[in-house]
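The values are calculated or read from the model by the stated rules, or taken from the named source; none is laboratory data. What you see is a predicted model, and the numbers here were worked out from it, not measured in a lab. Counting neighbours? That spans all protein chains shown, and the Cβs are built from the backbone with ideal geometry, glycine included. Each accessible area value is taken on the protein alone, full model and side chains, heavy atoms only, with ligands, DNA and RNA left out. Shrake-Rupley method; radii C 1.70, N 1.55, O 1.52, S 1.80 Å.
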Amino acid sequence: MKISRYLAIVAILLCSGSIANAQGLPAYMAPIAGKAATTPSEIATKDLLALNTGMFELYGDAAKIFQKNIVSKHPVILGLFSGAGGRMILYRPGLAPMDAPQVPIVYQLLKSVGHSTMALVQVVGPYVDNPDNKSWRGSMLAYRSRMQSALDGLDATPMEAGWRDNNRIILRNNIAFMDECIAKGVIPFSTLEAFGKKQAPYLAKNVAWAAQTQVAHWMTVLAEWKAQLGADWDKTYAASNTIYVARQNNVLFSVLAQFFGPDAINSRLLLIETISFTTTPADMLESVTRIIADRSVGALFFGNYHLMDYELMGGDARAAIIAETGKRGMTPFLPPAVPFGSKQWPTLVTPGPGPAAITDLK
């Protein structure tokens, strides 16, 4: 409404301006009046670019209909990253969305203790070997109080005895490190390095236990959902979101893959990269809709259903890169060409030397 009113005012001013031009502009028009010069080329360019701008509006309107059509015929599972071990939602035709139970709280407890240790590096990192700067002390004293409270209440948490003992060691080591830094009034790198090496084996145990808890939970959920859906499982779509740092060995996607199988990867099972750890179910569902809808467009114009899963200009750009590097005496550096509809994992798959898991870091 505000935009329409604004356009109406502009139109009135323009019309009154043309009349005033013939009679002489009034003083109040002087600040904004003037003869605008637009070339035919500029007008034509603007008109062509407006087609692309309008396309996005049309696309958005159509996507709402496409989404309704898709979820009315196909179950959809969304696996969303969260600090609580993930969230999974099942959309079934004609039924309300169903949220899966959360990962057991012990998962969050294990991660919280592990993160508390890594957080200390953030507190002291900027002040290592800098005895003249004591601005870190306030933050460390405050965090030490929280650490002590966590240690004092550890026995009351829902955690099995062996895991609790490991976390008690981590918390006590954290407090000892903080006390040493506070007492010395300085953070030598040698002290920080020794602290990191001391905590590493205990942190590795927390990581392993958290992974086992998370995976066991989601495997159970998906097994139940697959049984509920029966034959409809074979037409179910699923998608998981990931930020770059969690792309490799993505937990939710990898668990989903065990139930969907190799043939569903990049077809009915999608890994959608985002720019933050968390995203909304609505945004994820919109992304799934766009991917599926674009496939129909690719099939309509080019006869290939998965063509638009890829950068549409990528193949021609590849050829152009090879040509341009040749002109410059360069050797082109490109990945192997992958066929449309590839079932390859949407993560790094080329094996090579070097550690690939915490357990490889000996």
Positive minus negative residues near SER342 (Lys, Arg vs Asp, Glu; Cβ under 15 Å)
0
Among the trypsin sites (Lys or Arg not before Pro) in the range 258-357, which ones are in a DSSP loop with at most 10 other Cβ atoms within 10 Å of the Cβ? Mind listing them?
ARG328
Holding the Cα-Cα limit at 24 Å, pick out from LYS111/LYS197; LYS205/LYS226; LYS68/LYS235 the pairs that are longer than that.
LYS205/LYS226
The answer for the range 58-200, accessible area per residue at 1.4 Å probe in Å², is 52 Å²
Computing the accessible area with a 1.4 Å probe over protein heavy atoms, can you report the carbon and sulfur percentage for the range 59-160?
58 percent
In sequence order, what are the phi-derived ³J(HN,Hα) couplings for the range 100-112 according to the Karplus relation 6.51 cos²θ - 1.76 cosθ + 1.60 with θ = phi - 60°, rounded to whole Hz, with x for glycine and proline?
6, x, 6, 4, x, 4, 4, 4, 5, 5, 4, 5, 4
5 angstrom amide H check on LEU270, placed H, neighbours 5+ away
ALA238, ALA239, SER240
Would you mind checking the tilt of helix 40-73 against the longest principal axis of the Cα atoms of the chain, expressed as 0 to 90 degrees and rounded to 10?
50 degrees
Calculate how steeply helix 314-327 sits against the longest principal axis of the alpha-carbon atoms of the chain, using the helix alpha-carbon long axis, and give the answer as 0 to 90 degrees to the nearest 10.
90 degrees
Which of the peptides 212-219, 77-84 is most tightly packed, and how do the rest follow, judged by the mean count of other Cβ atoms within 10 Å per residue?
77-84, 212-219
Identify which of the listed values of P(r) over Cα pairs in 20 Å bins from 0, in percent was calculated from the structure shown: (1) 27, 48, 21, 3, 0; (2) 19, 37, 31, 12, 1; (3) 30, 58, 11.
(2)
Under 12 Å, Cβ to Cβ, from ASN304 - net charge with Lys/Arg +1 and Asp/Glu -1:
-1
Taking 7 Å along the Cα-to-C-beta vector as the label spot, tell me the ASP283-ARG137 distance in nanometres, rounded to one decimal.
4.2 nm
Could you tell me how many degrees, from 0 to 90 and to the nearest 10, lie between the Cα long axis of helix 2-23 and the main elongation axis, the longest principal axis, of the Cα atoms of the chain?
40 degrees
Can you compute the charge dipole magnitude of the chain about its Cα centre, using +1 on each Lys and Arg Cβ and -1 on each Asp and Glu Cβ, nothing else charged? Give it in debye, rounded to the nearest 20.
320 debye
Answer with one residue from THR157, PHE302, PHE66: the one whose Cα lies farthest towards the positive end of the charge dipole of the chain, charges on Cβ with Lys, Arg +1 and Asp, Glu -1.
THR157
For the range 217-323, run through the GluC sites (Glu not before Pro) and keep only the ones in DSSP coil with at most 13 other Cβ atoms within 10 Å of their Cβ.
GLU311
Gaussian network model of the chain, Cα within-10 Å springs - most flexible of ILE291, ILE170, ILE321:
ILE321
Taking the DSSP beta bridges in the chain as the whole, what percent of them are antiparallel, to the nearest 5?
40 percent
From the helices alone, meaning DSSP H stretches of at least four residues, give me the mean residue ellipticity at 222 nm for the chain, per-run term -39500 (n - 2.57), in deg cm²/dmol to the nearest 500.
-19500 deg cm²/dmol
Where does the range 281-331 land on the Kirkwood hydrodynamic radius, alpha-carbon pairs, in angstrom?
12.9 Å
The range 44-191 - charge dipole about Cα centre, Lys and Arg +1 at Cβ, Asp and Glu -1, debye rounded to 20
260 debye
Environment charge of VAL123, counting only residues whose C-beta is closer than 13 Å and scoring Lys/Arg +1, Asp/Glu -1:
+4
Taking amide H atoms as placed 1.01 Å from N in the peptide plane, list the residues 5 or more away in sequence, or in a different chain, whose amide H sits under 5 Å from that of SER82.
ARG87
Along the charge dipole of the range 89-163, pointing to its positive end and built from +1/-1 on Cβ of Lys, Arg, Asp and Glu, which listed residue (GLY125, TYR107, GLY94) has its Cα farthest out?
GLY94
